[in-house]
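Novice: One structure follows; several queries about it will come next.
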Amino acid sequence: MSYSVRITTVTEGCFVGEASLGTTGITTPKSLVKGLHPKVELRFKVARAAAKLDGVNLYISSGFRTVERQKYLFDRAVRRHGSYEEAVKWVAPPDVSRHPRGLAMDINYPGDPAGAKWLEIYGYRYGLCRVFDNEWWHFEAVTVPGETCPVTYIDSAARG
């Protein structure tokens, strides 16, 4: 499926074949999820189409992760960094991470920080924001499309 971008202030009454990015935030699912949240995925696809118009390639390196996969990544970070306190700066535990909830994406990691920089600058238009100072690749749907992104956390430990 291809996407085109029409910038408008209209929040209702999309043309046939169009989808709104929404006028509200995305709430955390209460039940078990099995993939990237559909609204997050749509927001990313529209951002990717806009980036392509600017000659920038965006791709999801990692999006949805199971709780088990997030636990594995966190446990591996504890071994690598030597302590929980150091590991949590780089990898959130499963109960804190938004990846298992389908609300987080790692973009263009590890080899294309320039592409992710485009999303950092323009992502607010699509409700996608960089969240951590120390992870140029990590984005979440933490704002309403068109609104300013919140201040970033130093690292995932600061989000707690």
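Novice: Rank 109, 144, 38 by how far each Cα sits towards the positive end of the charge dipole of the chain (+1 on Lys, Arg Cβ; -1 on Asp, Glu Cβ) and give me just the farthest.
Specialist: 38
Novice: Which residue, 21, 32, 103, has the most motion in a Gaussian network model of the chain that connects Cα atoms within less than 10 Å?
Specialist: Between 21, 32, 103, it is 32 that shows the largest mean-square fluctuation.
Novice: Considering only DSSP beta bridges where both residues belong to the chain, give the percentage that are antiparallel (nearest 5).
Specialist: Antiparallel bridges make up about 90 percent of those DSSP assigns within the chain.
Novice: If Lys and Arg each add +1 and Asp and Glu each add -1, what is the summed charge of the other residues whose beta carbon sits under 10 Å from the beta carbon of residue 105?
Specialist: Local charge sum for residue 105: -1.
Novice: How charged is the neighbourhood of residue 69? Take every other residue with its Cβ under 15 Å from the Cβ of residue 69, and add Lys/Arg as +1 and Asp/Glu as -1. Present the calculation step by step, with values, prior to reporting the outcome.
Specialist: Numbers: positive: 34, 65, 71, 76, 98, 101; negative: 68, 75, 95, 106.
Result for the neighbourhood of residue 69: +2.
Novice: Still on this structure, please answer the following. Any idea how far apart residue 133 and residue 86 come out in nm if each label point goes 7 Å out from Cα toward Cβ?
Specialist: 2.0 nm
Novice: Return the Cα extents of the chain along principal axes one, two and three, sorted largest first, each rounded to a whole Å.
Specialist: 53, 35, 29
Novice: Run the quick spin-label model on residue 151 and residue 72: label points 7 Å from Cα toward the beta carbon, then report their separation in nm to one decimal.
Specialist: The answer from the label model is 3.7 nm.
Novice: Please tell me the relative contact order of the chain in percent, rounded to the nearest whole number, where contacts are Cα pairs under 8 Å and at least six residues apart.
Specialist: Over the chain, the number comes to 24 percent.
Novice: Then there's this: To make sure I understand, if each residue's beta carbon is the centre and we count other beta carbons within 10 Å, what order do 61, 97 fall in, fewest to most?
Specialist: The most exposed by this proxy come first: 61, 97.
Novice: For a label point 7 Å from the Cα of residue 34 along Cα→C-beta, name the residues of segment 84-120 whose backbone N is under 18 Å from it.
Specialist: From segment 84-120, the list is 100-103.
Novice: A follow-up question, please. Which of 76, 48 comes first, and how do the rest follow, when ranked by fewest Cβ neighbours within 10 Å? Write down the numbers at each step before the final one.
Specialist: Details: 76 12, 48 20.
Neighbour counts put them in this order, fewest first: 76, 48.
Novice: About the Cα centre of the chain, what is the dipole size in debye to 20, counting +1 per Lys and Arg Cβ and -1 per Asp and Glu Cβ, all else neutral?
Specialist: 380 debye
Since every read-out is calculated from the coordinates, none of them should be taken as a lab result. Predicted, not measured: the structure shown is a model, and the values here were computed from it. Here the Cβ is made from the backbone with ideal geometry for all residues, glycine too, and neighbour counts use every protein chain on show.
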